[in-house]
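The values are calculated or read from the model by the stated rules, or taken from the named source; none is laboratory data. Please read all numbers here as calculations on a predicted model, not as lab measurements. Cβ atoms come from the backbone with ideal geometry, glycine included; neighbour counts cover every protein chain shown. These accessible areas exclude ligands, DNA and RNA; they are computed on the full protein's heavy atoms, side chains included. Shrake-Rupley method; radii C 1.70, N 1.55, O 1.52, S 1.80 Å.
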Amino acid sequence: MLRAAALSLILLGASSAQAIVIRHDVDDAAYRITGSEFPALADMPGEGHGVLIAPQWVLTAAHAVPRNGSLALIEVGGVKRAVDEVFIHPGASQPPQSMIDRALETGDWILTVFAIASSDDVALVRLKEAVDDVEPVPLHRGDDEIGRVVKIIGKGATGTGLTGHSLHGPNRGDLRRAFNVVTSADDRWICYVFDGPDAALPLEGKTGGGDSGGPVLIETETGWTLAGLASWGFIVGDVRTTRPGLYGQTTCNVRVSRYLSWIEAVMSGDPAIHAPK
């Protein structure tokens with residue numbers, strides 16, 4: 001349990017804690033939404049998310065897929081959908097247990113962060129049947145994310161920037177959305193900082209565990225596009241004692257535009273991708 005909690009300070013994954021963390025000076029009701037606002041949100045079993053990007057395909061973070069590789073059902077638009085196959089990016093990885101243990105012993109987890117940041121944390125889930133009652137979300141294809149306002153959506157445990165949140169959940173609850181501004185980007189990640197009220201957007205917030213694989217959306221002239229997937233957070237301080245979800249913490253999200261060619265190859269049935277292992 002302690003090991004899982006420590007990793008949850010870094011990964012925002014299906015084995016960790018927070019969901020949408022909000023400003024302490026704004027009523028929580030302002031962040032809550034109904035499923036009809038974003039029906040393309042996919043719920044992984046227990047916790048974690050994905051996004052419907054084509055009638056038969058859900059895009060998610062690799063670490064949000066159950067570790068035993070068994071994924072039978074995903075809920076999209078409030079309906080459970082049978083899974084046909086899961087495709088995890090070949091560059092996806094998680095830190096070795098020895099590295100996590102070392103972080104627990106010392107409180108210093110910078111090497112663990114480097115390991116996470118070098119992973120291609122993306123996966124595709126093919127459904128057995130096409131979804132015909134939910135509109136898929138188009139992928140963001142530009143490289144203009146820095147400085148853009150993004151909308152983030154997820155369910156689960158919550159907290160505020162003053163207090164952070166509990167590591168012990170619950171991690172699947174009410175649906176919320178919040179906004180932030182992308183401050184940095186590289187080949188794999190787009191990141192934002194959870195600012196305090198003096199610098200924050202009116203509905204500023206951040207994602208966390210229980211939201212992994214969930215959407216980071218950028219609005220274009222034709223509507224909202226999927227620019228990122230919730231993945232991991234950077235916490236300054238001793239990993240054993242620092243609470244996640246505080247003002248000033250940085251969240252990094254899979255940069256969808258970086259993986260367009262891989263996504264399209266998998267969905268097109270590229271023999272190199274689909275060949276038996």
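With the Cα gyration tensor of the range 172-234 giving a ≥ b ≥ c as the square roots of its eigenvalues, does the rule (a/c under 1.5 for rounded; else a/b larger than b/c for prolate; else oblate) give rounded, prolate or oblate? Since a/c stays below 1.5, the shape of the range 172-234 is classed as rounded.
Translational diffusion coefficient of the range 88-235 (Stokes-Einstein, Kirkwood radius from Cα pairs, 10 °C, 1.306 mPa s): 92 µm²/s.
Put simply, when 91-104, 248-261 are sorted by average Cβ atoms within 10 angstrom per residue, most first, you get 248-261, 91-104. For each pair in 80/155; 128/155; 128/151; 151/206, compute the distance between the two Cα atoms and list the pairs where it is over 21 Å. From 80/155; 128/155; 128/151; 151/206, over 21 Å: 128/155; 128/151. Highest mobility in the GNM of the chain, judged by mean-square fluctuation with C-alpha springs under 10 Å and restricted to 88, 110, 153, is found for 110. DSSP beta bridges in the chain, what fraction antiparallel, as a percent rounded to 5? Beta bridges within the chain, antiparallel portion: roughly 95 percent. Note that the range 73-87 has calculated 3J(HN,Hα) couplings of 9, 10, 9, 10, x, x, 10, 6, 10, 6, 8, 8, 7, 10, 10 Hz, one per residue in order, obtained from phi through the Karplus relation 6.51 cos²θ - 1.76 cosθ + 1.60 (θ = phi - 60°); glycine and proline are x. Among 107, 208, 142, the largest mean-square fluctuation in a Gaussian network model of the chain, built with springs joining Cα atoms closer than 10 Å, belongs to 142.
Every helix of 4 or more DSSP H residues in the chain counts as -39500 (n - 2.57), and over all residues that averages to -3500 deg cm²/dmol at 222 nm.
Based on the Cβ-Cβ distance from residue 174 to residue 79, what FRET efficiency comes out when R0 is 22 Å, to the nearest 0.05?
On the way: r = 19 Å, r/R0 = 0.88.
E between residue 174 and residue 79, to the nearest 0.05, is 0.70.
What the chain shows is 42 Å² of accessible area per residue, with the surface traced by a 1.4 Å probe over protein heavy atoms.
The region of the chain that goes longest without hitting one of the GluC sites (Glu not before Pro) in a DSSP loop, each with at most 13 other Cβ atoms within 10 Å, is 1-128. Backbone geometry of the range 48-63 corresponds, through the Karplus equation with coefficients 6.51, -1.76 and 1.60 at θ = phi - 60°, to 3J(HN,Hα) couplings of x, 9, x, 9, 6, 10, 7, x, 10, 9, 10, 9, 8, 7, 4, 6 Hz, x marking Gly and Pro. Note that the chain shows a convex hull volume over its alpha carbon atoms of 121 Å³ per residue.
Percent of accessible area on the chain owned by carbon and sulfur, 1.4 Å probe?
Values: 6290 of 11710 Å².
That fraction is 54 percent.
Taking amide H positions as modeled 1.01 Å from N, with prolines and chain starts lacking one, the residues under 5 Å from residue 214 and 5 or more places away or on another chain are 49, 230. Classify the range 17-74: rounded, prolate or oblate, from the alpha-carbon gyration tensor (a ≥ b ≥ c, eigenvalue square roots; a/c under 1.5 rounded; otherwise prolate if a/b is larger than b/c)? Because a/c hits 1.5 or more and a/b fails to exceed b/c, the range 17-74 counts as oblate.
Projecting the Cα atoms of 146, 256, 273 onto the charge dipole of the chain (Cβ charges, centred on the Cα centre) puts 273 farthest toward the positive pole.
Which of the three applies to the range 44-89, rounded, prolate or oblate, going by the alpha-carbon gyration tensor with a ≥ b ≥ c and a/c under 1.5 meaning rounded? Cα axes put the range 44-89 in the rounded bin. Highest mobility in the GNM of the chain, judged by mean-square fluctuation with C-alpha springs under 10 Å and restricted to 207, 183, 60, is found for 183.
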